[in-house]
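The values are calculated or read from the model by the stated rules, or taken from the named source; none is laboratory data. Bear in mind that the values here come from a model prediction, so they are computed numbers and not experimental data. Counting neighbours? That spans all protein chains shown, and the Cβs are built from the backbone with ideal geometry, glycine included.
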Amino acid sequence: MDLALPSAHYACPCSSSPSAITSARRASHISAPLKDDDPEQSTFDPHSPRSAYNLLPLTHLLFCDECSQIRCPKCTIEEVITWYCPSCLFEVPSGSVRGDGNRCARSCLDCPVCEAPLNPTSIGERDTAEEYVLRCGYCHWTSADAGIKLAKSTKLTEQLAKFRRTRVEGASGLQHDDEANVPRVAITEASKPQPRDHDDAFGKLTTFYKEQLSESSDAPNPYGGSNYNSPTNLARIMGIYGGLSRSALKKSREKPQPMREAHGVNEGVATFQPEEDGDERDIVGKMRELGWDDLTSEQQQVVAPVNGDARFTSELWPVSTRLRTKRGKRCKVCNQIVFRPEAKPGSTRTKVRMLAHDHIPKLALQPLNVAARAQDPSFIVRKDQLYVEPNLRPHAAQQYVLTVTNPLFETVKVTLTTPAITPGKVKSRVTILCPEFSIGPAGEMWDDALSSSTASTSRPEDGSRKAAMASLTGGEDSERQPEAGKVWEKSRNRTKVILEIVPGALKEISIVPKAEEAQASEVLGEDEDVLQVPIFVRAEWMAEVSHPPGGKPEPKELREIGYWCVLGVGRIMG
Amino acid sequence: MSAPRLPSQTSNRSQTSNTSSAAAASVRPPLKIHSTAIVSERAVLTGSHPITIGERAVIHPFAHLRAEGGSVTIGEYCTIDETAVVGLPAGEGGEVVLEKGVAVHSGAVVLGSIIGEGSEIGVKARIGKGATVGQYATVAAAETVEDGGNVGDFGVVFGRGRKRVDGLLEGSEELRELRLTSQRKMCKALESLVPDGGMKWRGPPLVQVQLELAPHAHMNAIKGPTL
Ligand SMILES: [Zn+2]
Ligand SMILES: [Zn+2]
Ligand SMILES: [Zn+2]
Ligand SMILES: [Zn+2]
């Protein structure tokens, strides 16, 4: 949890009861009554080790309107909306994503050295035919470094595949057809210096295993139709009951051919061949000769299967651009969509965006005393501008203005509850002077700016110079005294109330000497000197029920939401 | 070239030179600017050592040629972009030479002694003091060549100090020519986009009083394109 104070963090309901989600899912019913997590029953402890994972700023939270609850990144599930190529923005149908190896099958290629996109560049001499190379604009790698020159600047992937095939076949001397049924040893010897082609090997492996599968499933099963699908099991059982003769049993054991594993180059497997032609020794010698920069890095090898065996940068092959995804988010409990981007790769717009910011009342804390008002950390833009943490003196009562903002278009009744003594090792006293109040509805964007001068009820509207000065300097606030049960200030969709906080002492002074055990338990952990106030916010409002167009408007429905908000006030001085 | 406009221009110019930089206003370094070169009025030329700018080179507004620690030589068809700094600060000794067709991009700092023909210094890259960059080399954006370091001919510095050699350029005279040609084209295109500072750089050192007394005395000093 970051500690730019004063702060406000919100607890996702999944934190208080991880089982709540599963149980709700089992019941597949949404509106779990709010009474279950009654604030009186369990107080949220911001200092407990668990809460560090549960408290999030409002901007990180989403909202599910089916469950009427906050949803954090932990209680939403992601789903892929679309796959697309970042380079050509082609939307790849989900069916062909796997077949293409999660890569763009069009002419998008990336640099194998630095992963920047490659562009075809003409290197044709004036008098000869046009020739193209793929060139990286960042590290200036060109496909000519790997000996690749292309005839046209289009259909790059096809040209490259053809180029690679001819190179592989050229090296292996075209013995693919006659080596078909030669014994294994002969194969390995014959195909030794052949550079492996990954795609080719993969194709062979796939066909081999497909064949194996179809063979084994086609094999006539003597006990087909029975529950005993495994032949060995069945044979054992039949042996026990003596149902079959010994010879028949032997036969049945032989019949279902066990699936064979692939071996040999023809079936797509290349194994390590030691001590042949001193090939490895050549490589080691070459490595010794060349510099570090000429060797491929692990990153370069794993980025694409095509470069898996490349030892030197001169062997690197252009890599097809990897696809990206656009993802949406769903509520884990009810599967409601809480975030969904537009599927078109070029668009940055969203279709559904349920931000907690737009659905729950927002809390913000500020010291009442202008002089004590700390600089807002979000206004610090320069690095050298030091952020001064507000420090609190123990036992010195201080008043704070708590601003609650309503993002909803209905008037909301808010009830705030907080434990009188803050949880944790340092006991501070907190009093909300006005825990129950209502906030007006939010309007259109400009309503706020246009009506702010008239909606304010607390400021005297005498138009005098003094009032103007007071509103500028905030000097008026210092004259007014906060009263219990009264709202401090109210504007259209914003209500301010006063919080009185008496910070506790970091070390309690006691006359009676304590046992060692008690002393040890008093040692403060990290950030335990930070005064944090947990507040349970409950909001109620009458919402309009959506009805079909033309239908009879139904009466408004009572909605409510409750959540814990933790206000970071400041660090208590020792 | 209109005589009536000149007095107002000069007064403008003396104002800008006063505000641009204290050093620039008081002492202008000894300049040797080719008549076809373009030095923006808003470029910053400081120091007391000589600055030489070659044929058709383009110095953008707010580019800083700093002849404080030693002379600065900009070769023909070089481009120095905005907020790039070329030259050593006061207190450091040594000259900086950019050979022909060098592109120094925005925010780059060149303290190194020699940048070879046709090289490119990327955005916010830094060439350390005494470092040398060979011909047709590229230092990618935000890369650093340390003090006294060396980038060979056709070298590429990229990806946090990784280095490689552009084999294609090395092997092809034609492509090198192509690179120079495109830099020449760039200078040609900039000619109409970046207005030249004219009298500010080409007349004798400006002294406000002198100009106000005899604004027409320097007419002969204006060479090449002016505003
Ligand atoms: Zn959650
Ligand atoms: Zn693509
Ligand atoms: Zn690259
Ligand atoms: Zn839900």
- Whichever residue in the stretch A:104-132 is modelled with pLDDT under 90 and more than 14 Å from chain B (Cβ to nearest Cβ) and, among such residues, is farthest from ligand 1 (Cβ to nearest atom): A:129
- If you check A:196, A:167, A:135, which single one turns out to be more than 16 Å from ligand 3 (Cβ to nearest atom), at pLDDT 60 or above and of a type in the set (Lys, Arg)? A:167
- Item | Residue list for the stretch A:316-327, filter: part of a loop (DSSP other than H, G, I, E, B) and within 12 Å of residue A:300 (Cα to Cα) | A:316, A:317, A:318
- Message: Can you go through B:157, B:102, B:151 and tell me which one is within 12 Å of chain A (Cβ to nearest Cβ) and under 27 Å from residue A:120 (Cα atoms)?
- Response: B:157
- Does the stretch A:358-380 contain any residue that is more than 16 Å from ligand 2 (Cβ to nearest atom), exposed (fewer than 14 other Cβ atoms within 10 Å of the Cβ) and modelled with pLDDT of 90 or more? yes
- Item | Enumeration of residues in the stretch B:161-176 that are more than 22 Å from residue A:113 (Cα to Cα) and either within 11 Å of chain A (Cβ to nearest Cβ) or modelled with pLDDT under 90 (or both) | B:173, B:174
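Yes/no matrix, rows are residues, columns are (1) surrounded by 15 or more Cβ atoms within 10 Å (Cβ to Cβ); (2) more than 15 Å from ligand 4 (Cβ to nearest atom); (3) assigned by TED's automatic domain parsing to the domain that holds residue A:160:
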| site | (1), (2), (3) |
| --- | --- |
| A:69 | yes, no, no |
| A:73 | no, no, no |
| A:76 | yes, no, no |
| A:81 | yes, yes, no |
| A:88 | no, yes, no |
| A:93 | no, yes, no |
| A:98 | no, yes, no |
- Could you grab me the full set of residues in the stretch A:300-315 that are assigned to a loop (DSSP other than H, G, I, E, B) and farther than 20 Å from residue A:279 by Cβ? A:303, A:304
- Query: Can you find even one residue in the stretch B:182-199 that is of a type in the set (Lys, Arg) and touching a helix residue (DSSP H, G or I) at 6+ places or on another chain (Cβ under 8 Å)?
  - Reply: no
